[in-house]
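Enquirer: I am attaching a structure below and will ask some questions about it afterwards.
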Amino acid sequence: MCRFILIAMLLAAILGCGGDGADKYMQEGFVYFQQQKYDEAIVSYEKAIKAEPRAAAAYNMLGMAYRFKYNRLGAPELRQREMAAFQKAIEIDPKNWGAMINLGTTYYADGQKGKAAPLFKKALELKPDHPEKAEIEKMIAAGESKP
């Protein structure tokens, strides 16, 4: 599931960012991300955000870069930055179903299934034909069964 979502988010990020400078930095970040150079990707996504502060796709990809860096290093502050980036993407674009799934996945992975469920539900309302719908619905059920 994560691989499909990642590819979809990367493509959306490249295509969905405003401004020539932001697009350039998004593409640059994508290349670094694909090369697993997460520090460089983070710098590029931050430059995209500076060029276009309301670029939800840039915040979403920034969150992904922090996620992969967190997965590599396990530093709690990286997880916090990951969540903050996804939250900002949703704040800027409340219909950004990809960022909702990403934030929900982070909560779910951290054992906060109850916080993940509403994000997954909203994402499926916005993207009812999501190819991973059945798996997401299982995670919603797990989150709703939590006290």
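Enquirer: When you check residue 66 against the structure, is it surrounded by 24 or more Cβ atoms within 10 Å (Cβ to Cβ), part of a helix (DSSP H, G or I), touching a Gly at 6+ places or on another chain (Cβ under 8 Å) and of a type in the set (Ser, Thr, Tyr), yes or no? Steps first, answer last, please.
Expert: Working: surrounded by 24 or more Cβ atoms within 10 Å (Cβ to Cβ): yes; part of a helix (DSSP H, G or I): yes; touching a Gly at 6+ places or on another chain (Cβ under 8 Å): no; of a type in the set (Ser, Thr, Tyr): yes.
So residue 66 fails the test.
Enquirer: If the Cβ limit is 7 Å and pairs must be 6+ apart or interchain, which residue in the stretch 81-98 that is of a type in the set (Lys, Arg) pairs with which residue that is in a helix (DSSP H, G or I)?
Expert: Matching pairs, first to second residue: 81/66; 88/59; 95/126.
Enquirer: Look at residue 123 and say whether it is free of Cβ contacts under 8 Å to residues at least 24 places away in the same chain, of a type in the set (Gly, Ala, Ser) and under 16 Å from residue 64 (Cβ atoms).
Expert: Details: free of Cβ contacts under 8 Å to residues at least 24 places away in the same chain: no; of a type in the set (Gly, Ala, Ser): yes; under 16 Å from residue 64 (Cβ atoms): yes.
No.
Enquirer: Out of everything in the stretch 1-40 that is among the hydrophobic types (A, V, I, L, M, F, W, C) and assigned to a loop (DSSP other than H, G, I, E, B), what residue ends up being modelled with the lowest pLDDT?
Expert: Of the stretch 1-40, the ones among the hydrophobic types (A, V, I, L, M, F, W, C) are 1-2, 4-15, 17, 22, 26, 30-31, 33.
Retained after the next criterion (residues that are assigned to a loop (DSSP other than H, G, I, E, B)): 1, 17.
Details: 1: 49, 17: 46.
Residue satisfying both the conditions and the ranking: 17.
Enquirer: Tell me which helices (runs of 4 or more DSSP H) are completely within the stretch 76-147 and hold 1 or more residues being crowded, with 20+ Cβ neighbours inside 10 Å and among the aromatic types (Phe, Trp, Tyr), or say none if there are none. Working first, answer last.
Expert: Working: elements: 76-92, 97-109, 113-126, 133-144.
Fully inside the stretch 76-147 and qualifying: 76-92, 97-109, 113-126.
The values are calculated or read from the model by the stated rules, or taken from the named source; none is laboratory data. Keep in mind that this is a model prediction, so the values were computed, not measured. Using ideal geometry, Cβ is built from the backbone for each residue, glycine included, and neighbour counts are taken over all protein chains shown.
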